[in-house]
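Enquirer: Take a look at this one; I'll ask things after.
What follows draws every value from the coordinates through simple rules; no lab data is involved. Just so it is clear, the model here is predicted, and its values are computed rather than measured.
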Amino acid sequence: MPSTHRGLSRTKTRSYLRESFGFSPQELRTLRALKTPARIQKFIDELTYQYADTALSPRRVLNERKGHCMEGALLAAAALRVNGHPPLLMDLEAVRDDDHVIALFRERGLWGGIAKSNFAGLRFRAPVYRTLRELALSYFEQYYNLRGERNLRAYSRAVNLLQLDDQRWMTAEEDVWCVPEALIAAKHYALVPDAVARALPRVDRRSFEAGKYGWMKH
């Protein structure tokens, strides 16, 4: 199993809160107002979902008010960081579909997730999961493609974006491709054996339609 991150010391948390991280005062106020994971989730839910081959930084997402799943997770990670949490992401790997990216947080030693998605069931997770595997599995039933195939297969270790600070992942005006590259390179763990995956039934029509509630077309 991947190792877990036990958070920041009080001293380091205070130091983080004093930093601007390169944001303008207005941008920083917006992020610091998102004091809880639930507030962060509500904020990224309200962003326009975009279909685009981009990797916008949190600054650009804030200013343009749009983004896809990775960009929403990046903004969530930035908001978590300015409020004293480590900026952690997890990649959910799929077959015959796009991967999904989750911003991770921990409360009382339990994992939760924040995510932007075009599918209703692939967004917020309350912090009730003891391991990243448990958290990843909570997305399994809701993770399906437009053919109704359950296609989630693996999850990554937690990727700490502090390692990308020198590439200005929070505020760059150019696309931050270093982030998806780090997620792809991270060690991944299989969720189901291949034999089980090959025998999975498709999602029933009622569940399929429920998951598409609020879905935006291309």
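Enquirer: Between VAL101, VAL196, VAL176, where does the largest GNM mean-square fluctuation fall for the chain, given springs only between Cα atoms within less than 10 Å?
Expert: Per the Cα network of the chain with a 10 Å cutoff, VAL196 tops the list.
Enquirer: Taking a threshold of 22 Å on the Cα-Cα distance, which of the pairs LYS187/LYS217; LYS42/LYS66; LYS66/LYS212; LYS35/LYS187; LYS187/LYS212 fall above it?
Expert: Details: LYS187/LYS217 32 Å; LYS42/LYS66 14 Å; LYS66/LYS212 19 Å; LYS35/LYS187 30 Å; LYS187/LYS212 30 Å.
Beyond 22 Å: LYS187/LYS217; LYS35/LYS187; LYS187/LYS212.
Enquirer: While we're here: Find how much the distance from SER20 to THR36 grows on full extension, using 0.36 nm per residue of separation minus their present alpha carbon separation; answer in nm with one decimal. Don't skip to the answer; put the middle values down first.
Expert: Working: separation 16, 0.36 × 16 = 5.76 nm, distance 1.88 nm.
The span from SER20 to THR36 would gain 3.9 nm if fully extended.
Enquirer: Separate question: Calculate the all-directions average of the projected area of the stretch 145-201's alpha-carbon convex hull, and give it in nm². Intermediate results must be reported in sequence, preceding the final value.
Expert: Values: hull surface 22.3 nm².
If you wrap the Cα atoms of the stretch 145-201 in a convex hull and average its projections, you get 5.6 nm².
Enquirer: Something else now. Please grab the % of Cα pairs in the stretch 113-218 that end up more than 17 Å from each other. The partial results should precede the final answer.
Expert: Details: 3594 of 5565 pairs.
Summing the P(r) tail past 17 Å for the stretch 113-218 gives 65 percent.
Enquirer: I've got another one for you. Post the alpha-carbon centroid distance, the stretch 113-190 to the stretch 42-79, in whole angstrom.
Expert: 14 Å
Enquirer: More than 30 angstrom separation, counting every C-alpha pair in the chain; what % is that? It would help to have the intermediate numbers written out before the result.
Expert: Numbers: 4514 of 23653 pairs.
Within the chain, distances greater than 30 Å cover 19 percent of Cα pairs.
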